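Everything on this sheet refers to the single structure shown next.
The values are calculated or read from the model by the stated rules, or taken from the named source; none is laboratory data. All values reported here derive from a predicted model rather than from experimental measurement. Cβ placement follows ideal geometry from the backbone for every residue including glycine, while neighbour counts extend to all protein chains displayed. Please note that ligands, DNA and RNA were not included when accessible areas were found on the heavy atoms of the full protein model with its side chains. Shrake-Rupley method; radii C 1.70, N 1.55, O 1.52, S 1.80 Å.
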Amino acid sequence: MRVHVLTLFPEMIENALNTSITGRAIEKGLLEIDAINIRDYSHDKHFKVDDYTYGGGAGLLMKAEPVCEAYDALTEKLGKKPRVVFMTPVGETFSQKKAEELAKEEDLTILCGHYEGIDERALDEIVTDRISIGDYVLTGGELASLVVIDAVSRLVPGVLHNDISADTESFNNGLLEYPQFTRPESFRGRKVPEVLLSGDHKKVDDWRFQQSLIRTARFRPDLYIKFSDDNEAIKEYYNKHKELEEEISRILKSEV
Ligand code: SAM
């Protein structure tokens with residue numbers, strides 16, 4: 001997968017992604033990061049890329065020309081127009097589902113704003129998706145784009161050592177992940193749950209599923225309600241596990 005990042009701070013993108021799992025994916029040629037400096041497309045002799053906003057107001061806005069020309073040069077080089085994600089608080093909130101959707105792209109462009117953002121005409125001209133990483137305002141889109149690139153790239157086949165590990169993680173089946181433990185068996189008097197030492201895979205799977213239900217109800221009741229609503233399989237499961245159903249309704253009553 002090739003990710004083209006249009007940014008005023010390419011070194012921020014390169015430095016962050018050249019380490020750990022994404023760094024290895026780049027080395028193996030599974031992931032290519034192409035950080036494009038929008039400033040290189042400035043028309044100004046001082047490489048200025050921002051200006052005052054029409055209508056007044058504090059702060060500067062990134063100009064349309066350098067952004068669009070950086071993208072035009074990219075499309076010319078690639079011979080196609082890849083999807084362009086603009087990182088912005090005015091966008092849909094990023095999710096695992098969106099990461100899965102974006103991971104299918106062969107080429108993906110991510111546009112990072114700075115200052116007060118980017119002239120709307122540039123966005124209308126090139127942007128296909130607007131993504132926010134949460135309801136707060138960052139100084140620039142770079143950190144937000146790194147969140148998206150990290151989440152997307154780990155879904156590219158071969159990037160994670162074990163391809164199935166992404167399948168069992170939080171959000172994959174609509175629930176949060178169960179708790180996990182490693183050695184030692186006892187830490188500060190806290191023991192690893194017996195069932196995980198039993199070697200009985202069926203029992204382990206069942207315990208993990210129940211823990212996922214409990215944790216989702218406790219930490220993300222909104223997700224739990226979405227998951228269980230009209231879910232015949234879970235209703236059937238609760239028919240056989242009445243105590244679990246009661247425990248979850250107690251949790252929901254105290255959390256909601
Ligand atoms: N004036 C903009 C507004 O109120 O929506 C905020 C601009 S912000 C200071 C500068 C840039 O940071 C944005 O153009 C965007 O690229 C990025 N940014 C800030 N918060 C973000 C968020 N929650 N998610 C994604 N990108 C964000």
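Taken per residue, the accessible surface of the chain reaches 61 Å², heavy atoms only and a 1.4 Å probe. Legend: residues LYS80, LYS98, sorted from most to least accessible area (1.4 Å probe; ligands, DNA and RNA excluded), read LYS80, LYS98. Cross-link pairs exceeding 23 Å in C-alpha to C-alpha distance, out of LYS97/LYS240; LYS226/LYS253; LYS104/LYS203, comprise LYS97/LYS240; LYS104/LYS203. Taking every DSSP helix (H) stretch of at least 4 residues in the chain, weighting each as -39,500 (n - 2.57) and dividing the sum by the residue count yields a mean residue ellipticity at 222 nm of -12500 deg cm²/dmol. Averaging 1/r across all pairs of distinct Cα atoms in the chain and inverting the result yields a Kirkwood radius of 21.3 Å. DSSP bridge analysis restricted to the chain gives an antiparallel fraction near 20%, rounded to the nearest 5. Neighbours of THR216, meaning other residues whose beta-carbon lies under 10 angstrom from its beta-carbon, give a summed charge of +2 when Lys and Arg score +1 and Asp and Glu score -1. Of LEU146, LEU102, LEU223, the residue with the greatest mean-square motion in the GNM of the chain, using alpha carbon springs below 10 Å, is LEU223. Segment PHE171..VAL156, full-extension length gain: 3.7 nm, with 0.36 nm per residue of separation and the alpha-carbon distance subtracted. Rounded to the nearest 10 degrees, the angle from helix 242-255 to the longest Cα principal axis of the chain is 40 degrees.
For segment 2-153, the Stokes-Einstein estimate of translational diffusion at 20 °C and a viscosity of 1.002 mPa s comes to 136 µm²/s, using the Kirkwood hydrodynamic radius over alpha-carbon pairs. Element breakdown for the chain at a 1.4 angstrom probe: carbon and sulfur atoms account for 50% of the accessible area. Rounded, prolate or oblate: which one fits segment 66-126, using the alpha carbon gyration tensor with axes a ≥ b ≥ c (rounded when a/c is under 1.5, else prolate when a/b beats b/c, else oblate)? In terms of gyration-tensor shape, oblate.
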